[in-house]
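Everything below concerns the one structure shown next.
The values are calculated or read from the model by the stated rules, or taken from the named source; none is laboratory data. Not measured: the values here are computed from a predicted model. When we count neighbours, we look across all protein chains shown, and the Cβ atoms used for this are built from the backbone with ideal geometry, even at glycine. Each accessible area value is taken on the protein alone, full model and side chains, heavy atoms only, with ligands, DNA and RNA left out. Shrake-Rupley method; radii C 1.70, N 1.55, O 1.52, S 1.80 Å.
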Amino acid sequence: MAERGRPPIVLEAESRVAAHQTGHNSGVIHSGLYYKPGSHKARMCRAGLEAMYRFCAEENIPHRRCGKLVVAVSQEELPRLTALEDRGRANGVTLKRLRAGELNDYEPEVVGIAGLWVEETGVVNYSLVTEAMSRRLVKMGGEVRTDHRVLAIRRVGERVILETSGGEVRASKLVNCAGLQSDRVARLAGVEPGVRIVPFRGEYYVLRSERANLVRGLIYPVPDPNLPFLGVHFTRGIDDVVEAGPNAVLALKREGYGWSDISVKDVIDWAIFPGFWRMARAQWRTGAAEIARSLSRARFLESLRALLPQLTDDDIERGGTGVRAQAVSLDGRLVDDFYIQEAPGMVHVLNAPSPAATASLAIGREVADRLFR
């Protein structure tokens, strides 16, 4: 954006960058396999994929193009696997269809009846990516101001005035990429986003270090096409720790990383939103199953054993958690694509879950294009 205007000022509510979604994800560089052809996700993920690899190489950020195995474990999943293959090829993803006997060439311990090998997928630490982006922005003349939570926004002529916890900031244009708080920031700016952010917490286990050799890279199930989540999977991170998960349960606070994290304000916020209850009526069975798996180690292990049957309770231990900012529409739909809304002198990014980290450089270009056209 600095190439087409003044160097930007980034306002960060926390004391450091990447404190929430960016710093709590599984670190996957996605290929664009899952997304509807022609969608924002498909287009920006494909553009962002190679841009992210280039950025990591330029900034000497450790990363690995390790590939991913998607595994069908039952006959019922085969039509969905074929549909996923067709979608991936339509998006330009390099894929290889595998028979049961070929799965173990890629992941020796996995069990299934068919699969897809996605060679472009990789892993990186997105906190390091964000820190590198911040350094590059500062070199370009911009600023990153931490501890600047936005409290109020008003327009005075052509200027946008932001009252923050760190003082007043004046700007000519505004970009809202506030993640878990993006709908609230839009309303502060006088824009009705038409969606409500509902936080979903993802909980992970990790494989004990002496059993991490069970997973070479990334192992994913065939996802449910009716949900914007990818299912419980295995990810060997750039640090070689193997994460297993996540599940997806409703968080009781927008930045709520455990069951004890509760915000009455945040609960009321989604509880008074009609779209939440429409979503709950449509998804209550899935939600109940996710809560049961969250509260039961045995249920979580059972889900993992669908892909790696030899796993035992002794092989896993509790890992970290993350919170996904999921936009829900008034009719109760879980918004499945990136959702970007414009207003005079403003761009609001209102739904940017996975693969937003992979697509971040492409999303930035899209925002700049909209802001300066």
With the structure loaded, tell me whether Arg278 is among the basic types (Lys, Arg), under 19 Å from Gly231 (Cβ atoms) and either in contact with a helix residue (DSSP H, G or I) (Cβ under 6 Å, 6 or more places away or on another chain) or open to solvent by 60 Å² or more (accessible area, probe 1.4 Å) (or both) or whether it fails that test. no
With the condition kept exactly as written, say whether any residue in region 140-158 is part of a strand (DSSP E or B), more than 13 Å from Glu12 (Cβ to Cβ) and modelled with pLDDT under 95. yes
Take Glu158 and tell me if it is over 23 Å from Ala19 (Cα atoms), free of Cβ contacts under 8 Å to residues at least 40 places away in the same chain, open to solvent by 50 Å² or more (accessible area, probe 1.4 Å) and not aromatic (Phe, Trp, Tyr). no
Which residue is farthest from the chain's Cα centre (by Cα), if the candidates are limited to region 179-195 and must be under 14 Å from Trp270 (Cβ atoms) and of a type in the set (A, V, I, L, M, F, W, C)? Val195
Hey, could you check region 285-314 for residues that are acidic (Asp, Glu) and farther than 24 Å from Ile113 by Cα and say which is most open to solvent (accessible area, probe 1.4 Å)? Asp314
Can you find a residue that is over 16 Å from Thr358 (Cβ atoms), within 22 Å of the chain's Cα centre (by Cα) and open to solvent by 20 Å² or more (accessible area, probe 1.4 Å) anywhere in region 106-127? yes
Which strands (runs of 3 or more DSSP E) sit wholly inside region 4-116 and have at least 3 residues that are under 20 Å from Leu304 (Cβ atoms)? 68-72
Please enumerate the residues belonging to region 336-373 that are touching a strand residue (DSSP E or B) at 6+ places or on another chain (Cβ under 6 Å) and either more than 16 Å from Asn25 (Cβ to Cβ) or of a type in the set (Gly, Ala, Ser) (or both). Tyr339, Ile340, Gln341, Met346, Val347, His348, Val349, Leu350, Val367, Arg370, Leu371
Failed criterion for Gly275 (all others in (1) outside any helix (DSSP H, G or I); (2) over 21 Å from the mean Cα position of the chain (by Cα) hold): (1)
